[in-house]
1. Which residue is modelled with the lowest pLDDT, if the candidates are limited to the range 251-279 and must be part of a helix (DSSP H, G or I) and open to solvent by 90 Å² or more (accessible area, probe 1.4 Å)?
2. Identify the residue in the range 541-561 that is part of a strand (DSSP E or B) and touching a Lys or Arg at 6+ places or on another chain (Cβ under 8 Å) and, among all such residues, is surrounded by the most Cβ atoms within 10 Å (Cβ to Cβ).
3. I'd like the residue in the range 70-86 that is among the aromatic types (Phe, Trp, Tyr) and within 14 Å of the chain's Cα centre (by Cα) and, out of all such residues, is modelled with the lowest pLDDT.
4. When you look at HIS521, is it under 24 Å from VAL169 (Cα atoms), at pLDDT 80 or above, part of a loop (DSSP other than H, G, I, E, B) and touching a Gly at 6+ places or on another chain (Cβ under 7 Å), yes or no?
5. For the range 287-331, name all the residues that are among the small types (Gly, Ala, Ser), within 26 Å of ILE371 (Cβ to Cβ) and open to solvent by 20 Å² or more (accessible area, probe 1.4 Å).
6. Among the residues of the range 81-97, how many are open to solvent by less than 10 Å² (accessible area, probe 1.4 Å) and part of a helix (DSSP H, G or I)?
7. Would you mind stating whether ALA238 is within 18 Å of ALA96 (Cβ to Cβ) and either part of a helix (DSSP H, G or I) or touching a residue at least 40 places away in the same chain (Cβ under 8 Å) (or both)?
8. Within the range 32-39, identify whether any single residue is of a type in the set (Ser, Thr, Tyr), in contact (Cβ under 8 Å) with a residue 40 or more places away in the chain, under 20 Å from SER226 (Cα atoms) and open to solvent by 10 Å² or more (accessible area, probe 1.4 Å), and answer yes or no.
Amino acid sequence: GLGLLALLVARPLTAQAQAADDWSRVQAAGKIVFGTSSGYPPFEYYGSDFQLDGFDIALARELGKRMGVEVTFNDFAFSGLIDALRLGQVDAAIGAISVTPDRQQIVDFTNLYYIGESAVLTLDTNPVTINSASEFAGLRVGVELGSIYNYWVQANLVDAGIIPQENLVTYADTNALVQGLRAGQIDAAVMDRLTAFVYNMGSQDLHPAGVGLNQERFAIATRTDSTLVTPLNEALLAIQSDGTYGDLVQRYLNLDADKVSNDKAESEVVNLPPEPSAAKEPCIDGMAYVEDLNLNDQNMTAPPVMAPGQNFVKSWRIKNSGTCAWAADYQLVYVNGNRPEASMSAAALPLGREVQPGETIDLSLSLVAPITYGVFQGFFQLRNNTGELFGQVIWAGIQVPNPNPPPATPTPPPAPSQNVNPNLRSDADWVNSGQCTTIRWDVDNVNAVYFVDAGNVQGVGGHDARTVCPGQTATFVLRVVRTDGATVEFPITINVSGAPPSRPGPSIKHFGVDRNNIRPHECINFDWRTENADGVNLYRGGTRIVANGPQQGSFHGCPVEGRHDYRLEAYGNGNTS
């Protein structure tokens, strides 16, 4: 579950915003603001319409209906989600947050709305079976930073002496966690069972290694002594009683409601007063988005148009909403996006000066539009000088037009429900055996989109992409369900017999890293841009840490202490660069 990693000490409440009568304030405003943390499907994620969706998001909207108030969301780094609640940036937090005794010392919880279990993913090339903590011995284990799995691995594997501290590797979100597994940085990834199923569905390279090592108990968090707990519990009970909860469980989790909740007595959470502490409370990092200073994408309804490879600068105004001063070496960093190219070659941007609590600062980030066409949304967060992400998520959204749009027709087009053009294409239609290519599409105004790979059917976004590595010539299918309920399929064939001889060989146009010297346990970001390449390999020393990567992409790495040399290899048309 997402939320604050409560491993060390319980914090007293001196820096927490006063709860007062939260419910009266929400009623007066006619609105409740939920904090969440995207990137954790099927609970919270950005859909093909670039809006927040998922089980938690839908549940929160239903809670607002029962409470008679509007619902809005603020997206945060999950390691700072509870701190955002304590600072008063949101009224409540919902984001697959597990109830733990340590968290109950700093926030209150509603009754449980989900009871589940963890799962372990490994690569299909290492199909181990893990049924107990002792079977993690010798493995590098990856988790989301600040998650209940971070807590569990620390307490049950590291502190128990099963794995050394350096074998616990943390990642900003689940996408980065799975990428780290695929890149060979870790041997096993621990996450929620349903989330593991989402990533494993239709993926031929992942292996479900085990389930049920620890139970998860999700609830909504509020400030300590908040009067919101009672109306939230009443609304939750109404949703469970009238069948709405079961419908949401079936829709988003593909389960029966009794599989994820227990009876009322087992769902009740008793909130206890915090234990007194003589320790001085540390300050809290917080960041609030203020406004876009340029290139406003109108909430991704009108992304600015860029030419392929165009250099541009995106600027935001943000506010220090916490109680800590930001040091000059705090950085704005890319964390994820809707496509592999959504980093737009972003390097980490240091603040460059100290920013006091309550002060605003304008940040301008140099970016490069992808060389492929489509709509791109890259997400960015602040990172402090201990490597922890915090604050609201901000983004840059652009579109690169299709250089070869379909010819205009002199006759009126059919109705939208009958006219589906997904712009299905691939980076390379010809590859050598063992090489990869990325298949892309853009489609709007449809009910659902599925990617079919050798019989494996995976639900995907309307603006999405998948990297495939066929061993022989293969045909892939994009299955689109139109708004009238009809299904249309679009095939695309990837030929495996070598690239056409007339195509030039690959070249590397850019390969860089945000900084060359880091402290122990810090992470760095690489980015690259190539031409005429089918893919890239990234090596650390003699070890390949990115295999068959995209022509233009990035990599988030956390090397151990020492000196490391990195080498980028681009391949295509039988040649390498």
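1. Here the answer is LYS264.
2. For the range 541-561, the residue satisfying everything is GLN552.
3. Applying the filter and picking the extreme gives PHE78.
4. Considered against the rule, which asks whether it is under 24 Å from VAL169 (Cα atoms), at pLDDT 80 or above, part of a loop (DSSP other than H, G, I, E, B) and touching a Gly at 6+ places or on another chain (Cβ under 7 Å), HIS521 comes out as no.
5. ALA302, ALA307, GLY309, listed by residue number.
6. Summing the residues that are open to solvent by less than 10 Å² (accessible area, probe 1.4 Å) and part of a helix (DSSP H, G or I) in the range 81-97 gives 5.
7. no
8. The answer is no, given that none of the residues of the range 32-39 is of a type in the set (Ser, Thr, Tyr), in contact (Cβ under 8 Å) with a residue 40 or more places away in the chain, under 20 Å from SER226 (Cα atoms) and open to solvent by 10 Å² or more (accessible area, probe 1.4 Å).
The values are calculated or read from the model by the stated rules, or taken from the named source; none is laboratory data. None of these values were measured; they are calculated from a predicted model. Neighbour counts run over all protein chains shown; Cβ positions are idealised from the backbone, glycine included. Protein only, heavy atoms only, side chains kept; ligands, DNA and RNA dropped before computing areas. Shrake-Rupley method; radii C 1.70, N 1.55, O 1.52, S 1.80 Å.
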